[in-house]
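Step one of this worksheet: look at the structure below.
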Amino acid sequence: PPPANVGRAPGPPDGGWGWVVVFGAFISIGFAYAFPKGIAIFFKEIQDFFDTSYSEIAWVSSIMLATTYGAGPISSILVNRYGSRPVVIFGGLLCGIGMVSAAFCTSILQLYICVGFITGFGLALNLQPSVIIIGKYFLKRRPIANGLAMAGSPVMLCTLAPLNQFLFDNFGWRGSFLILGAILLNCCVAGALFRPIGAATVSVKSQVTEEGKDALKEEFTKNAMEMSSPTNIPMENKIEEEGEKDCCEKINQYLDFSLFKHRGFLIYLIGNVLMFLGFFAPIVFLAPYAKHIGIDEYSAAFLLSILAIVDMIARPTTGIIANSKWVRPRIQYFFSFAIAFNGTCHLLCPLASGYTGLVVYSVFFGLAFGMVCAMLFETLMDLVGAARFTSAVGLVTIAECCTILLGPPIGGTLIDTFGDYKYMFIKCGAVMVLAGTFLFIMNYYNYRMLAKEEKERKAKQEDPKSVRTENEGRNNWNKETAQDGPELEPLKEKQEGLKKEVNGT
């Protein structure tokens, strides 16, 4: 057997190389979240080049976002099988290939495939492993590490928006896509920083597992030779049943479908699916809207930078407020307010006629967007608990990718139909206000039901009458048994005689 200290799993270092890993996660997460929003700078020019409608060009971002969210469970399975480093490196290669291929596209359908599916899937392979690797390197300082890594999203958006406009002015959209493909290859460098932790433990465990398998195989072969063929048949059926059981357990490990019986999870799922119908469309169409009302390209791109800067400040601030003793016990209400506040900003956006009004809108939009993003996963963990959180995230992202896919194209259809952007903002605002109101009312109902169930459970435990009734019933049963004892004595003697005869035979 191996020494005791060799097989022991090393604890998270909470520092050291872990900070380099955080820097790599900062890059990967930043590109995964910010790139689908920053690429909207090119939409107006691509739309004119291919002579397409607003709804058709909006499918590019929609497919990319939906693929990034929907491929989350696939990314988790690959990380569990191969580790974070190779998955992120492969994802970076896919991102680069997708954007370089998009530079040579001759139709909008080819853009859907190259930018939407290939690049979106590459971004999905960057996002999930980056979150997982931080949990392996940090325990006590994990909130700080996660906060620094998640800050990559607004920082990258703040940088990409003016950079994309600069690239377009100098190289056109095709040249810009080539350069962006090369920039996205930095995700491979970020993945190379994700050094595996606890490799020695894995090798020892695998060695012990292989030795155990060999011993079991020898024992099984020996037993099979001693047993007759009719006895082997049920043994083989048992092995097949165990194999099927293992397969079901592996599927259930990633997607726990029993969550659909969880009241709080269903409330969260319905509210978020409705919310994402209007969550990303305003970001996608903000810069094109500014250009539409006569604002120059760099000022339009700067609106996204303003949104990202405010978002950068809003996320940690919201986390501190949500962690306070006043908000933490009822964080679901705070999350509902953030969604409704986001929708109110969109409803008031059509009132902003000039650049100053759009700057004010971008500030409040960045604040509301940061509040929602900061609590998006925290509220889910508050409902289902840490043990079922991984499965819950997988199921939520699969359900959300449908409305993420449809949100921007529906907004584009409204722009094409009415020839005005204000109807798109009104639609997004109304949907989000409705989602926030739904979550507020249903969470109030959920809190009331949880309090009622807890009260009934305590009353059942502390009620002396029910305990006394159970004890009396048990005593009566014992008395009846004792009274029936002499009557059943002849039957017992007869039963003992039969046992003796059987043993003699």
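In this simple spin-label approximation, Thr344 and Arg263 carry label points 7 Å from Cα along the Cα→Cβ vector, and these lie 2.9 nm apart. For the range 12-197, carbon and sulfur atoms together expose 70% of the accessible surface, with a 1.4 angstrom probe and every protein chain in place.
Between Ile320 and Leu139, the FRET efficiency from the beta-carbon distance, with R0 = 22 Å, is close to 0.60.
Take the cross-link list Lys37/Lys325; Lys136/Lys458; Lys136/Lys427; Lys261/Lys458; Lys427/Lys455; Lys136/Lys455 and give me the ones stretching past 31 Å between alpha-carbons. Among Lys37/Lys325; Lys136/Lys458; Lys136/Lys427; Lys261/Lys458; Lys427/Lys455; Lys136/Lys455, the Cα-Cα distance tops 31 Å for Lys37/Lys325; Lys136/Lys458; Lys136/Lys427; Lys427/Lys455; Lys136/Lys455. The residues of the range 255-461 present an accessible area of 44 Å² per residue when probed at 1.4 Å with all protein chains retained. For the range 255-322, the square roots a ≥ b ≥ c of the C-alpha gyration tensor eigenvalues yield an a/c of 1.5 or more together with a/b not exceeding b/c, which makes the shape oblate. Here the Karplus relation 6.51 cos²θ - 1.76 cosθ + 1.60, evaluated at θ = phi - 60°, turns the backbone of the range 156-166 into coupling constants of 5, 5, 4, 7, 5, 4, x, 5, 4, 5, 5 Hz, with x for every Gly and Pro. For the range 255-461, a/c is not less than 1.5, where a ≥ b ≥ c are the root eigenvalues of the C-alpha gyration tensor, and a/b tops b/c. That puts it in the prolate class.
Between Phe104 and Phe171, the modelled labels are 1.6 nm apart [label points 7 Å from Cα along Cα→Cβ]. When restricted to Cα atoms, the range 57-127 yields an Rg and a Dmax of 12.2, 38 Å, respectively. Residue farthest toward the positive end of the dipole of the range 12-197, with Cβ of Lys/Arg at +1 and Asp/Glu at -1: which of Leu65, Gln128, Phe104? The one lying farthest along the dipole's positive direction is Gln128.
Would you mind classifying the range 12-197 by shape? Square roots of the alpha carbon gyration tensor eigenvalues, ordered a ≥ b ≥ c; an a/c under 1.5 is rounded, otherwise it is prolate if a/b is larger than b/c and oblate if not. The shape class here is prolate.
How large is the dipole of the range 12-197 about the Cα centre if only Lys and Arg carry +1 and Asp and Glu carry -1, each at its Cβ, rounded to the nearest 20 debye? Computed charge dipole of the range 12-197: roughly 880 debye.
The values are calculated or read from the model by the stated rules, or taken from the named source; none is laboratory data. Bear in mind the structure is a predicted one, so any value in this text is a computation, not a measurement. Virtual Cβ from ideal backbone geometry, glycine too; neighbours counted across all protein chains shown. Keep in mind that these areas ignore ligands, DNA and RNA; they rest on the heavy atoms of the full protein, side chains included. Shrake-Rupley method; radii C 1.70, N 1.55, O 1.52, S 1.80 Å.
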